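Computed from the coordinates by the stated procedures, all read-outs in this text should not be read as laboratory data. Computed from a predicted structure; not experimentally measured. Positions of Cβ are backbone-derived with ideal geometry, glycine not excepted, and every protein chain shown enters the neighbour counts.
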Amino acid sequence: MATSRLGVGETLGALNAALGPGGPVWLKETRARHLRARDFLAPRRALQARFGDGQVPERVVHAVAGLQGPGVAPVLRCAPTPAGLALQLQRSAVFERVLGAVAAYAAPAVSASPGPRVILHCPALRGAPCALRLSQLRAVLVADHLSRALHTHGVSVRLVPAVRDPHMLTFLQQLRVDWSAASERAATEALRSSAFAKLTPANDRGALPLGVLGRVCLKELVEERGRTAGYDPNLDNCLVTEDLLSVLAELQEAVQHSPEDSSLGLAAAPDAHADSCMVVHVVSCEEEFQQQKLDLLWWKLDDQAPLRQKHLVCGPVKVAGAPDTLTAPEYYELRHAQVCKASALKHGRDLAQDPAWTETFGVLAVASIKFEMLSTAPQSQLLLALADSSISTKGTKSGTFVMYNCARLATLFEGYKRNMEQGLYPTFPAVNSLDFSLLQDEGEWLLLFNSVLPFPDLLSQTAALACTAPGLHITARTEMVCKFLVQLSMDFSSYYNRVHILGEPRPHLFDQMFARLQLLRAVRKVLHTGLAMLGLPPLSHI
């Protein structure tokens with residue numbers, strides 16, 4: 001059995017290369033009705049643009065049909081159709097390759113060169129939770145998810161600020177957000193000296209507000225950095241306070257901090273730290289203007305400030321039929337109460353005070369919040385619906401629906417284990433002895449081809465940041481994992497409702513049962529890995 005990992009990206013790359021010079025043409029199919037006949041398609045219009053009359057040379061068709069290479073899925077057939085050039089894989093061979101090496105598909109391929117260190121700065125965490133707006137909560141969850149994605153790919157990540165408010169730390173623990181706590185404040189003396197040297201002369205300062213050390217002109221920097229980069233043209237002066245200097249000192253210390261696993265080594269030159277890192281400010285749209293001021297002030301006061309500062313700006317959060325004053329803790333309490341109410345209706349009794357269910361309800365409330373906040377691209381506006389129906393396990397778009405199917409998978413494997421211990425089923429055989437040609441149901445190919453096989457590519461896309469792209473702003477694909485897990489759960493739910501996986505304890509049925517269980521082992525592994533990217537543990541009951 002071959003052991004190299006098959007990849008959707010590698011297969012598409014080889015298919016496009018086989019067509020000759022030009023842009024990408026081939027598409028991976030995802031819909032069940034298309035997958036009945038083909039797995040990849042080169043659309044007719046794209047072929048017409050490439051080959052003029054749309055007739056693909058016979059030699060090219062033969063080259064595609066015989067395609068081989070590292071990571072390339074084995075091809076069964078390639079033939080012209082009215083829709084274009086259709087390709088189908090050797091599905092039994094793909095099942096065997098993927099399900100024989102499940103661990104390789106449940107984790108990303110860590111890059112040999114993970115890129116620059118990343119400092120994730122989330123200003124919303126400097127306040128108290130009672131003042132945290134929903135748009136700021138969204139920024140916090142985006143930053144946490146991005147941090148996990150980058151860590152998974154071997155990128156060194158430093159989180160700023162270190163949280164000081166004990167109530168904020170408690171709230172972050174409730175939300176299963178993994179963020180560092182503060183130990184001591186960074187020294188501000190050097191920045192203070194630089195600030196006093198560059199403050200507006202005393203006779204020009206006018207009456208400054210209490211607590212303000214002085215005013216710094218930022219107009220020159222705005223012109224130097226270029227308004228085309230995305231800086232607000234209204235940026236002019238910045239009032240320098242002790243709090244601002246404290247913020248900059250913490251960022252400065254994070255840049256200069258060299259982690260043990262840093263590629264720079266322990267003896268790196270001081271200025272190498274700034275050159276080798278990128279600062280990503282994850283802010284709500286309301287905080288962006290102030291953050292732009294802070295960026296420019298940092299460059300003004302610190303010659304070693306990193307040149308790469310990017311803003312990941314999260315769009316506004318609107319609540320349907322509710323005032324804009326709803327805070328993040330109030331939102332959490334609402335979702336938690338709705339989860340408890342839904343459980344009481346399902347089980348016929350109130351389980352909110354049952355210690356065995358306390359953690360489950362907390363996880364379900366957080367899952368509901370994270371899927372709501374993260375399923376939309378972070379730069380887009382988000383509209384929340386607070387009705388009880390949004391946390392139903394019957395709704396296919398919610399976090400509770402995903403957790404419900406996670407629990408169904410746990411129940412399935414617990415059922416197999418119980419029957420095995422009772423002697424009804426044999427122990428699970430060696431994977432290389434399983435007959436994957438018995439996986440003929442279209443739902444089985446849907447789960448493998450749309451969920452297990454492309455998962456490493458999805459994780460890579462989630463962690464991709466355009467480090468060298470011009471301009472101030474940066475985007476992130478933090479919505480991809482949530483959307484993926486929802487679709488996986490829908491496909492699994494449809495398959496589970498239709499196919500009886502744990503069949504009668506008859507020897508002639510065991511081969512197919514074990515092949516199906518191995519497929520669902522892979523699905524479970526992918527699901528658990530995806531949930532971990534959101535800071536969510538798997539549930540065994542709901």
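The calculated FRET efficiency for K417 paired with A387, based on their beta-carbon distance and R0 = 35 Å, is about 0.35. Here's the picture: charge each Lys and Arg Cβ at +1 and each Asp and Glu Cβ at -1 in the chain, and of V157, L35, L6 the one pushed furthest to the positive end of that dipole is L35. Does the stretch 392-542 come out rounded, prolate or oblate by the C-alpha gyration tensor, with a ≥ b ≥ c the root eigenvalues, rounded set by a/c under 1.5 and, if not, prolate when a/b is larger than b/c and oblate if not? Prolate, since a/c reaches 1.5 and a/b exceeds b/c. Distance distribution note for the stretch 119-190: the fraction of Cα pairs above 21 angstrom is 25%. Straight-line reach from K293: taking Cα to Cα under 12 Å and skipping same-chain neighbours fewer than 8 places apart, the aspartates and glutamates in range are D232, D236. Take the Cα radius of gyration of the chain and divide it by 2.2 N^0.38 Å, N being the number of residues; the result is 1.12.
Computed from the C-beta positions of T427 and Q174 and an R0 of 35 Å, the FRET efficiency is 0.30 to the nearest 0.05. A simple spin-label model places the labels of C130 and L307 4.7 nm from each other, with each point 7 Å out along Cα-to-Cβ.
Scanning the chain for trypsin sites (Lys or Arg not before Pro) that sit in a DSSP loop and have at most 11 other Cβ atoms within 10 Å, the longest stretch containing none of them is 37-348. Placing +1 on each Lys and Arg Cβ and -1 on each Asp and Glu Cβ, with no other charges, gives the stretch 1-122 a dipole about its Cα centre of roughly 280 debye. The label-point distance for A79 and H473, in a model that sets each label 7 Å from Cα toward Cβ, rounds to 4.9 nm. Taking GluC sites (Glu not before Pro) as exposed when DSSP calls them loop (any state but H, G, I, E, B) and at most 16 other Cβ atoms lie within 10 Å, what is the longest stretch of the chain free of them, the sites themselves excluded? That gives 287-542 as the longest site-free run. Extension gain, H151 to A229: 0.36 nm times the residue separation minus the Cα-Cα distance gives 25.2 nm. Using the Cβ of S433 as centre and a radius below 13 Å, the other residues enclosed give a net charge of -3, where K and R count +1 and D and E count -1. The A337 and R498 beta-carbon pair, evaluated with R₀ = 35 Å, returns a calculated FRET efficiency of approximately 0.50. Model label sites at T327 and F289, defined 7 Å from Cα along the beta-carbon direction, differ in position by 2.4 nm. Normalised by the number of residues in the chain, the mean separation of alpha-carbon contacts (under 8 Å, six or more apart) gives a relative contact order of 17 percent. Restricting the calculation to alpha carbons of the stretch 1-43 gives Rg and Dmax of 12.1, 35 angstrom.
Estimated translational diffusion coefficient (Stokes-Einstein, Kirkwood radius over Cα pairs, 20 °C, 1.002 mPa s) of the stretch 1-74: 162 µm² per second.
Checked against a 25 Å cut-off, the cross-linked pairs K341/K525; K370/K417; K346/K525; K219/K310; K341/K370; K417/K525 give Cα-Cα distances beyond that limit for K341/K525; K370/K417; K346/K525.
For the stretch 1-139, the equivalent ellipsoid derived from the Cα gyration tensor has semi-axes of 40, 21, 16 Å, listed largest first.
Give me the net charge of D324's neighbourhood, meaning all other residues with Cβ under 13 Å from the Cβ of D324; Lys, Arg count +1, Asp, Glu -1. Once all neighbours under 13 Å are counted, the net charge is 0.
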